[in-house]
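**Q** Let me begin by handing over the structure; questions about it come next.
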Amino acid sequence: MVSRVNLKGNPKKPKTQLHPLCAAVKHIREVSGLTQEEFARAINIASMTVSRFENGRQVPGDFDVLTALHNTAAKLGLEQERDLFAGLLTDRSRYRDVIKVAPELSPAVWRLTLAARAAMLINPERMGAIKEAVGAEALALVDEVLWGTNPVTMFTMPDFWTEKENEVTAKANQRALELLTRRPE
């Protein structure tokens, strides 16, 4: 067996695996392309704290920091990291009803996005005119799917957005088929 030694000739300690939250912080920062200092400013913490997170000497636990990390991961499309922080935020009873979401990830934007998709499925000839296509019918379809949903579940149920998106898509496809099969009177 080969033993590793450091520059002073002492045996090296085996590296311990980083806590998953610490590894997630490091991955988010690396993907963002920011230095530790720039990343710290972006999420409103000290650069030394980012260093401690990335080296495993401190694990993120503050609500605002966890929220900032969640939102940053979401903006970067890092689903695994986003879900890791979302799970932590929603599992803690003191955080359950106060999860913060970046404006671009808000239910209002999600609603309009799905309404636009539904409109394109219902009326494909209008794809070049999204603004015109998102009308009362598409918004009503999205509202029909969301009707009665507890707003807290939008952020606490892991598959909420995917399930609702699939429901809207299925309903839009059904309406489009109804329009195609409608007999002229």
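**Q** Somewhere in region 82-89, is a residue outside any helix (DSSP H, G or I) and out of contact with any helix residue (DSSP H, G or I) (no Cβ under 9 Å at 6 or more places or on another chain)?
**A** No.
**Q** Filter region 52-90 down to residues that are of a type in the set (Asp, Glu) and over 11 Å from the mean Cα position of the chain (by Cα) and give me whichever is surrounded by the most Cβ atoms within 10 Å (Cβ to Cβ).
**A** Within region 52-90, the first condition is being of a type in the set (Asp, Glu), and the residues that meet it are 54, 62, 64, 79, 81, 83.
With the extra rule that they be over 11 Å from the mean Cα position of the chain (by Cα), the set shrinks to 54, 62, 64.
Details: 54: 19, 62: 11, 64: 11.
Filtering region 52-90 for residues that are of a type in the set (Asp, Glu) and over 11 Å from the mean Cα position of the chain (by Cα), the one surrounded by the most Cβ atoms within 10 Å (Cβ to Cβ) comes out as 54.
**Q** A follow-up question, please. Any idea which of 123, 150, 173, 166 is under 28 Å from residue 64 (Cα atoms), modelled with pLDDT of 70 or more and not assigned by TED's automatic domain parsing to the domain that holds residue 73? Outline the logic, then answer.
**A** Numbers: 123 fails: under 28 Å from residue 64 (Cα atoms); 173 fails: under 28 Å from residue 64 (Cα atoms); 166 fails: under 28 Å from residue 64 (Cα atoms).
On inspection, the qualifying residue turns out to be 150.
**Q** So, residue 72, is that one in a helix (DSSP H, G or I) and in contact (Cβ under 8 Å) with a residue 40 or more places away in the chain or not?
**A** Against the criterion (in a helix (DSSP H, G or I) and in contact (Cβ under 8 Å) with a residue 40 or more places away in the chain), residue 72 qualifies.
**Q** Ok, one more. Only one residue in 25, 31, 65, 59 is closer than 30 Å to residue 162 by Cα, outside any helix (DSSP H, G or I) and of a type in the set (A, V, I, L, M). Which one?
**A** Working: 25 fails: outside any helix (DSSP H, G or I); 31 fails: outside any helix (DSSP H, G or I); 65 fails: outside any helix (DSSP H, G or I).
Testing whether each residue is closer than 30 Å to residue 162 by Cα, outside any helix (DSSP H, G or I) and of a type in the set (A, V, I, L, M) leaves just 59.
The values are calculated or read from the model by the stated rules, or taken from the named source; none is laboratory data. If you're wondering where the values come from, they're calculated on a predicted model, not measured in any experiment. Cβ coordinates were reconstructed from backbone atoms using ideal geometry, including for glycine residues, and neighbour counts include every protein chain displayed.
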